[in-house]
Amino acid sequence: MSAVRLSTGELASPAPQHLQGGSGVPLEPLSRTPFQPRAFTVLGGSVLAVPQQAYIPQPHPRRLAIKRPAGHMLPTVGLGVYKSASGGECYASVLSALRLGYRHIDTAQICEQEAAADVAVADSGVPRGEIFLTTKMWLSNWGYDKAAAGVRQSLAELGTLYVDLFLLHAPGDPGLRAETWRALEDAQKEGLIRSIGVSNFGIPHLKKLAQSAAVQPAVNQIEVHPWLQRRELVAHCKAEGIVVEAYSPLAKAQKLADPAVGAIARRLGVSPAQVLIRWSLQKGLVPLPKSNNPDRQRSNLDVLRFELSAADMAALEGLEEGLITGWDPISDAPV
Ligand SMILES: NC(=O)c1ccc[n+]([C@@H]2O[C@H](COP(=O)([O-])OP(=O)(O)OC[C@H]3O[C@@H](n4cnc5c(N)ncnc54)[C@H](OP(=O)(O)O)[C@@H]3O)[C@@H](O)[C@H]2O)c1
C-alpha cells in the first residue's frame, strides 16, 4: 500500500482506509509544492485530472476524498460536532470517530468545542497531518482585528499550528464582511490556515464577496439533504469551483422514517442514514453527519460498498420540500 504525502510534509502511512478507493486503490503520492488557494480535484480510484478552474465535483461511486493539487486532502465524510455537548461528550465523540477512521472533523467557535476536540485529537494518536480540521469564525468576531485575533484564539483552543479550513460561519454584517474575509486571507498567507471558505452564503453573498476577495472561497458549507436541495446554489458553487459541504445531511434525524428512504434502505440492506449520506456523496457534496454514538458513527462512514441507482437518486430528489431544520442565514442575512 503506498503512502500519502500531505503537504505538511508528514508521511501518513498507511493511508486511512476511508481515504482509499473502495477497491483499495492507493492514493497518488502527492507533491510538496506550496498549496494553491482554491481548486480542489476529485479523488476516486484514481485522481481525475481536472483543470483547476473547470473543477466540478462529479458523482463518483468511489469518490472518497477531494484534494488540492498540492496535496491538501478534504475527506468526503466529515464528523460534525455542533450538537455534541461541550467538553466530555465532544471529546468522546471525536476520539471514537478518529479511532473508527474519520479524518475530517467539523467544529466551530460558537460551539465552544474546539478545546475538547484538541484533546481528543491529541489522545487519538492519529498524526495531526492526517486530520482535516475545520473551524468557523463566529459573528461576534467580525471586523479585521477581531477576526485576526479570532484565528489565533481558535488555533490556541484547538492546540494546533494551523487549521485546514476556516470558514466565515455566515454572511454576517455586510459592512464588515470584506475586512473579516481579508483577515482570513492574511492568516492563510501566514500559514495559519490552509484553506478558507464560507458557510450559509447564498448566491448574492458569494457574488458580493467575489468583488472584493483576493482569494475566492474554497468551500461553502450549507444545509443540504433531499428535503432541502438548494439546487440553484449548489449549481452556482460547482460552476465557480466551490466545494459544497452538506451540513445536517440527515435532516437532524427528522426524516429517517421517510417511506421512500426506508424502501431504498431495505432493498440495499443499509440504514436510512447511510442512504442519505450516500445521496450526498453521489451529488458531489461533502456530507458532515453528526453522531455521538460509535455504532452510528461507524455505519455513517460505511457508505462505499453500495451505490444508489439513477432511479433511487430520482426518488430522493422527489422529496424536496424546502425543509430547513436549523437557521437560515442564506435567506435572512443582508447582502
Ligand atoms: N455551518 C452551520 O451553520 C451548521 C449548522 C448546523 C450544523 N452544522 C454542521 O453539520 C453537522 C451535522 O448537522 P446536524 O448535527 O445539524 O444534523 P445531522 O447530522 O443531519 O443529524 C444529527 C442527528 O442524527 C442522529 N444520527 C446520526 N447518525 C444516525 C444514524 N446512523 N441513525 C440514526 N440517527 C443518526 C444524531 O444522533 P446521535 O448523535 O445520537 O447519533 C443526531 O440526532 C453539525 O454537527 C455541524 O458540524 C453546521
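The values are calculated or read from the model by the stated rules, or taken from the named source; none is laboratory data. From a predicted model like this one, the values you see are computed outputs, not experimental measurements. Here Cβ is always computed from backbone atoms with ideal geometry, including for glycine, and neighbour counts include all displayed protein chains.
Which one of the conditions (1) under 22 Å from D332 (Cβ atoms); (2) within 11 Å of the ligand (Cβ to nearest atom) does A265 fail to meet, given that it meets all the rest?
Just one mismatch for A265, condition (1).
Quickly run through region 145-179 and pick out the residues that are in contact with an Asp or Glu (Cβ under 8 Å, 6 or more places away or on another chain) and closer than 19 Å to Q216 by Cβ.
Matches in region 145-179: A147 only.
Working only within region 72-131, note down all residues that are buried (at least 21 other Cβ atoms within 10 Å of the Cβ), in contact (Cβ under 8 Å) with a residue 40 or more places away in the chain and among the β-branched types (V, I, T).
T76, V77, V81, T107
Are there helices (runs of 4 or more DSSP H) fully within region 254-335 with at least 1 residues that are touching a Ser or Thr at 6+ places or on another chain (Cβ under 7 Å) and closer than 27 Å to T134 by Cβ? List them.
272-282, 294-301
Being modelled with pLDDT of 95 or more, away from the ligand (no atom under 15 Å from the Cβ) and crowded, with 19+ Cβ neighbours inside 10 Å, is that true of even one residue in region 238-253?
No, region 238-253 contains no residue that is modelled with pLDDT of 95 or more, away from the ligand (no atom under 15 Å from the Cβ) and crowded, with 19+ Cβ neighbours inside 10 Å.
In region 86-186, which strands (runs of 3 or more DSSP E) lie fully inside it and hold 2 or more residues that are of a type in the set (A, V, I, L, M, F, W, C)?
132-137, 163-168
Can you list residue pairs whose Cβ atoms sit under 7 Å apart, with the first residue in region 210-232 being in contact (Cβ under 8 Å) with a residue 60 or more places away in the chain and the second being in a strand (DSSP E or B) and of a type in the set (F, W, Y)? Count only pairs 6 or more apart in sequence or on different chains.
Sorted first by the residue in region 210-232, then by its partner, the pairs are Q221/Y247; I222/Y247; E223/Y247.
Residues checked against (1) without any contact (Cβ under 8 Å) to a residue 24 or more places away in the chain; (2) within 11 Å of the ligand (Cβ to nearest atom); (3) more than 28 Å from A108 (Cβ to Cβ); (4) polar (S, T, N, Q):
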site: S280; (1), (2), (3), (4): no, yes, no, yes
site: R296; (1), (2), (3), (4): yes, yes, no, no
site: V303; (1), (2), (3), (4): no, yes, no, no
site: F306; (1), (2), (3), (4): no, no, yes, no
site: I324; (1), (2), (3), (4): no, yes, no, no
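Of the numbered conditions (1) out of contact with any Phe, Trp or Tyr (no Cβ under 8 Å at 6 or more places or on another chain); (2) polar (S, T, N, Q); (3) within 23 Å of T134 (Cβ to Cβ), T180 fails exactly one; give the number of that condition.
(1)
Could you please find all residues in region 183-236 being within 16 Å of the ligand (Cβ to nearest atom) and closer than 13 Å to F166 by Cα?
Listed by number, the residues that qualify are L184, S195, I196, G197, V198, S199, P217, A218, V219, N220, Q221.
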